[in-house]
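Please treat every number below as a calculation from the coordinates, not as lab data. Just so it is clear, the structure is predicted and the values come from calculations on it, not from any experiment. Cβ: placed from backbone, ideal geometry, glycine included. Neighbour counts: every protein chain shown.
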Amino acid sequence: MVQCEFRVQRPDNESEFIRLARALASAAADEPGTLRYQWFVTQRPGHYSIVEEYVDADAAETHNRNVEALLVQLFSVAELVSVSFYGELNKYLRDWISGRDAVSLNVPL
């Protein structure tokens, strides 16, 4: 499972962010390894969170590769504030978190 928080960079980017978030959710709905992909509006203006759950780390990697163009667009209008991973990571995800701030990794006991 992954939980992320994003902050829209400028108020005029908010409608574009919402469009992209909905496009990402639509794409994830058709992916066989995706168990949950749900966006939330937070209490802080311009902040949104997402909970993503996949059958395994490889399914998360597949999702990211499938929606790479949408993610590039999303990161052009919003900043990743925090990300928390729960579970084992594969090499792709370990490389992705390397050198990033505000990342927490939680592995099963």
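Residues are listed down the side, and each one gets a yes or a no for (1) more than 20 Å from Tyr48 (Cβ to Cβ); (2) in a loop (DSSP other than H, G, I, E, B):
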{"site": "Ala60", "(1), (2)": "no, no"}
{"site": "Arg65", "(1), (2)": "yes, no"}
{"site": "Leu70", "(1), (2)": "no, no"}
{"site": "Gly99", "(1), (2)": "yes, yes"}
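I need the full set of residues from the stretch 70-96 which are among the β-branched types (Val, Ile, Thr) and surrounded by 15 or more Cβ atoms within 10 Å (Cβ to Cβ), in order please.
First pass over the stretch 70-96, keeping only residues among the β-branched types (Val, Ile, Thr): 72, 77, 81, 83.
Selection gives Val77, Val81, Val83.
For the stretch 72-97, what are the residues that are farther than 26 Å from Asn13 by Cα and either charged (D, E, K, R) or not in a strand (DSSP E or B) (or both)?
Filtering the stretch 72-97 for residues farther than 26 Å from Asn13 by Cα gives 85-95.
Of everything in the stretch 72-97, those that are farther than 26 Å from Asn13 by Cα and either charged (D, E, K, R) or not in a strand (DSSP E or B) (or both) turn out to be Gly87, Glu88, Leu89, Asn90, Lys91, Tyr92, Leu93, Arg94, Asp95.
Quickly run through the stretch 28-50 and pick out the residues that are out of contact with any Leu (no Cβ under 9 Å at 6 or more places or on another chain) and within 16 Å of Leu74 (Cα to Cα). Before you say what the answer is, go through the steps one by one.
Restricting attention to the stretch 28-50, the residues satisfying the condition of being out of contact with any Leu (no Cβ under 9 Å at 6 or more places or on another chain) are 28-36, 38, 40-49.
Matches in the stretch 28-50: Ala28, Gln38, Phe40, Val41, Gly46, His47, Tyr48, Ser49.
Which of the residues spanning the stretch 46-58 are outside any helix (DSSP H, G or I) and either among the charged types (D, E, K, R) or under 11 Å from Gln9 (Cα atoms) (or both)? Write out each step before concluding.
Residues of the stretch 46-58 outside any helix (DSSP H, G or I): 46-56.
Residues satisfying the conditions are Gly46, His47, Glu52, Glu53, Asp56.
Which residues, taken from the stretch 1-41, are of a type in the set (Val, Ile, Thr) and closer than 18 Å to Val55 by Cα? Reasoning before the result, please.
As a first pass, look at the stretch 1-41 and keep what is of a type in the set (Val, Ile, Thr): 2, 8, 18, 34, 41.
Hits for the stretch 1-41 are Val2, Thr34.
Checking the conditions here, which among Val55, Val81, Val72, Val41 is within 22 Å of Val103 (Cα to Cα) and in contact (Cβ under 8 Å) with a residue 24 or more places away in the chain? Lay out the reasoning, then the answer.
On the way: Val55 fails: in contact (Cβ under 8 Å) with a residue 24 or more places away in the chain; Val72 fails: in contact (Cβ under 8 Å) with a residue 24 or more places away in the chain; Val41 fails: in contact (Cβ under 8 Å) with a residue 24 or more places away in the chain.
Within the list Val55, Val81, Val72, Val41, the selection yields Val81.
Name the residues in the stretch 1-40 that are part of a helix (DSSP H, G or I) and buried (at least 17 other Cβ atoms within 10 Å of the Cβ), would you? Reasoning before the result, please.
Pass one, the stretch 1-40, residues part of a helix (DSSP H, G or I): 11-29.
Matches in the stretch 1-40: Phe17, Leu20, Ala21, Leu24, Ala28.
Among the residues that make up the stretch 65-72, is at least one of them among the charged types (D, E, K, R) and in contact with a Lys or Arg (Cβ under 7 Å, 6 or more places away or on another chain)?
First, the residues of the stretch 65-72 that are among the charged types (D, E, K, R): 65, 68.
Those still in the list that are in contact with a Lys or Arg (Cβ under 7 Å, 6 or more places away or on another chain) too: none.
No: the stretch 65-72 contains no residue that is among the charged types (D, E, K, R) and in contact with a Lys or Arg (Cβ under 7 Å, 6 or more places away or on another chain).
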